[in-house]
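What follows is a short report on a single structure.
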Amino acid sequence: MHSVEIRNLDLSFGGLGVLKNLNLDIREGEFLVLLGSSGCGKSTLLNCIAGLLEVTNGQIFINGRNVTWAEPSERGIGMVFQSYALYPQMTVEGNLSFGLRNARMPKAEIEKRVTRAAEILQIEPLLKRKPAALSGGQRQRVAIGRALVRDVDVFLFDEPLSNLDAKLRADLRVELKQLHSRLGNTMIYVTHDQIEAMTLADRIAIMRGGVIEQLTSPDEIYNRPVNKYVADFVGSPSMNFMEGVIDGGIFRVGEARIPLDRYRASGRGDMSGPAWIGVRPEHVVTGDAAEGAAYAAEVPVELVEPMGSDTLVWTTFEGSRFRLRMDGQSQVRKGDRMRIGLALEQSSLFDSASEVRL
Amino acid sequence: MADPGILGSTLPAADAVRERLSGPHGPRPKRALSGTNIMLYGTLLIVAMYYLLPLYVMLVTSVKGMPEIRLGNVFSPPMEITFQPWVKAWAEACTGINCDGLSRGFWNSVRILIPSVILSIAIASVNGYALSMWKFRGSELFFTILILGAFIPYQVMLYPIVIMLREAGLYGSLTGLVLVHVVFGMPINTLLFRNYFAAIPSELFKAARVDGAGFWGIYFRIVMPMSLPIFVVALIIQVTGIWNDFLFGVTYISSPERYPMTVQLNNIVNSVQGVKEYNVNMAATLLTGLVPLVIYFASGRLFVRGIAAGAVKG
Ligand SMILES: Nc1ncnc2c1ncn2[C@@H]1O[C@H](COP(=O)(O)OP(=O)(O)OP(=O)(O)O)[C@@H](O)[C@H]1O
Ligand SMILES: [Mg+2]
């Protein structure tokens, strides 16, 4: 049985369609990340699942039960917001127990659950404080605790870490992952942050304009994006693209002739005619590896960006901007010429017109 | 919050820091009599006099006896202080056939004020809450129509309301007047509450719904405790407005027994029989103005405290 099922969901504000005929099945205990550019409808989808927005069309099931018209509190979901949304006049304890008191749970049970949540999230010393007296990280823990005490099946997170500084974000990310493996709940997590998406997700859904473009494992999303949009959106620095023509198993771009016999075709499209080739910066190889690659060429080094663990080199290849990632120890300098090779095994080809993967 | 000046001078650490500051220090030297200062304080003094002089005249006149008033020195302090005019204004002055002073009007006003204020604030705050957080189809239109009500001059509606109250059997009663006050206070107070509530983050509202709080649960347990200042503002507006009302009182109350204090004050001051008792009139006027004054001083402090509390909450 699926934990969350979404069938043909439509949602519009006035006449503006935000979600369009959206279908999504989420497995029990799965960590699903919704990733997409701003305004693509991630929060809207989450609010629909939570019951905070009335759907225009379609149905939502949670644990097999049709909850399309159920109240948020009756759906077995807990939600954590970007702005924490703690009740300012209540103590941490009051915040945690608010939902339980609304459900008229016995005092002893409330106390037990609050204590347990506080222990899991390590906020026991803060229970008597008001939210104003907490740091951002502590506030977000309390917000997570508020979902935790209600013992829900599905956790919904709307960019929970994006108000925190980088270090705290990394810490809490790890804690969230541990929390997930400890609790085993289904989690649906909205983020802008690719690192969060890649590290936390069992599966990632890439959204664009109210439609899910691709839904699969982080590895698959990264290495075998279904279309050019997904390929471009995922990865930082992003993928290098060149437009050319496929002709008889050869990709022609400018003077270059790139043999495609090592490319793993998806079988979805016709391997001929105008197309894009996409190569991630780390799949552009140098040195000895370049000679072993499917295609090698000599290019000028135009800009070097050392980033500590690795170095990003900017160059031009057949008239297109090209970035390649080398390890942090490499001694290339601006003005050098270097040999590069394209690892066709890990590259992507997209049809020029439809932009789908070939 | 402690005064930072006091705090600074009592903390040894702060003293130590101050010691280490080199160079001349201490309060910035002031020049007492610069041209700007004379201008500034002069203007302030004149403005203050402008407001306080009439009050002074009223106060001194209200404790003078009639013989002293006839001498005509309005600004001179009383030679002999008497509280008789206050007693008379409160308990003995006559309007028409009743000679029990302003006390009757006072209690009428209280009976009008309390239900009017409670009802109008309760209804307007729930209105504002519903309009800002539970938007429904057409809620913006509803709000616009309600606000238009604030711009229609009262005079236009005076007579139609007489007819409506008469048809409802409420004309001349305190209940009818309470109803009128509640209705007329609605647009401006709804606007006040709606705008204040609109600033509460919507995520807080969503979180409360996920936590299982309903319409009233969110209102009483989330929204109201966060909004003390705006309730105090509405209280001040309504108390002063309703207490000072004359027009509705004189229009919708038909018998002198039920007149509110302002109407009764007018009748006492304007009564044409006998000699004009200026001292009694002054005392009566001061008595009538006392309630808004007290409310203002009492809740004004609460109001400031409310705002300060809101500012500290993150
Ligand atoms: N209440 C609303 N009324 C009208 N349009 C809305 C409303 N809420 C959202 N929208 C629109 O719906 C679209 C999707 O919004 P949504 O908040 O779901 O985006 P998002 O993917 O969460 O973006 P972000 O990453 O910036 O949070 C946006 O174009 C937005 O303008
Ligand atoms: Mg969003």
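Bear in mind these aren't lab numbers, they're just calculated from the coordinates by the rules spelled out. Fair warning: this is a prediction, and the values are worked out from it, not measured in the lab. Glycine also receives a Cβ, built like all others from the backbone with ideal geometry; neighbour counts cover every protein chain displayed.
Annotations for the structure displayed:
- Cα long-axis angle, helix A:107-120 against chain A (0 to 90 degrees, to the nearest 10): 30 degrees
- Computed extension gain for A:Val301 through A:Glu318, at 0.36 nm per residue and net of the alpha carbon distance, reaches 4.7 nm.
- Between B:Ser139 and B:Thr240, the FRET efficiency from the beta-carbon distance, with R0 = 25 Å, is close to 0.25.
- Most positive-pole-ward Cα, A:Gln329, B:Val110, A:Leu312, against dipole of the protein assembly as shown from beta carbon charges: B:Val110
- At R0 = 56 Å, FRET efficiency that the Cβ-Cβ distance of A:Arg104 and B:Val57 yields, to 0.05: 0.30
- ³J(HN,Hα), Karplus 6.51/-1.76/1.60, whole Hz, each residue of segment A:129-137, x for Gly, Pro: 8, 8, x, 4, 9, 10, 7, x, x
- Once both labels are positioned 7 Å from their Cα atoms along Cα-to-Cβ, the gap between A:Arg268 and B:Tyr50 label points is 7.8 nm.
- Length-normalised contact order of segment B:124-250 in % [C-alpha pairs under 8 Å, at least 6 apart]: 39 percent
- Multiplying the residue separation of B:Leu33 and B:Tyr296 by 0.36 nm and subtracting their alpha-carbon distance yields 91.1 nm.
- Comparing A:Phe13, A:Phe322, A:Phe241 in a Gaussian network model of chain A where C-alpha atoms under 10 Å apart are linked, the largest mean-square fluctuation is found at A:Phe13.
- For the pair A:Arg257 and A:Ser330 in one chain, pulling the backbone fully straight at 0.36 nm per residue adds 23.4 nm over the alpha carbon distance.
- Kyte-Doolittle at least 0.5, axis length at least 18 Å by Cα - qualifying DSSP helices, chain B: B:35-62, B:103-133, B:154-167, B:174-198, B:228-244, B:278-312
- Only helical runs count toward this figure. For chain B, summing -39,500 (n - 2.57) over DSSP H runs of n ≥ 4 and dividing by all residues gives -22500 deg cm²/dmol at 222 nm.
- Farthest towards the positive end of the charge dipole of the protein assembly as shown, among the residues A:Leu35, A:Val18, A:Asn47, is the Cα of A:Asn47, using unit charges on the Cβ of Lys, Arg, Asp and Glu.
- The charge dipole of chain A, taken about its Cα centre with unit charges on the Cβ of Lys, Arg, Asp and Glu (plus for the first two, minus for the last two), comes to roughly 1180 debye.
- Over chain A, relative contact order from alpha-carbon pairs under 8 Å, at least 6 apart, %: 16 percent
- Segment A:315-321 - phi-based ³J(HN,Hα) in whole Hz, Karplus 6.51/-1.76/1.60, Gly and Pro as x: 8, 10, 10, 6, x, 10, 4
- Relative contact order, whole percent, for chain B stands at 26, derived from Cα pairs under 8 Å and 6 or more residues apart.
- Database remark: amide H of A:Val149 closer than 5 angstrom to no amide H (H placed geometrically; neighbours at sequence offset of 5 or more, or on other chains; Pro and chain starts carry no H).
- Derived scalar couplings ³J(HN,Hα) [segment A:50-59; Karplus, 6.51 cos²θ - 1.76 cosθ + 1.60; whole Hz; x for Gly, Pro]: 6, x, 8, 10, 7, 6, 7, 7, x, 9
- Principal-axis tilt of helix A:166-183 within chain A, Cα atoms, nearest 10 degrees: 70 degrees
- Degrees, to the nearest 10: A:92-102 long Cα axis against longest axis of chain A: 70 degrees
- Mean ellipticity per residue at 222 nm, deg cm²/dmol - from DSSP H runs of n ≥ 4 across chain A, formula -39500 (n - 2.57): -7500 deg cm²/dmol
- Using a Förster distance of 35 Å, the FRET efficiency for A:Ile250-A:His192 (Cβ separation, nearest 0.05): 0.35
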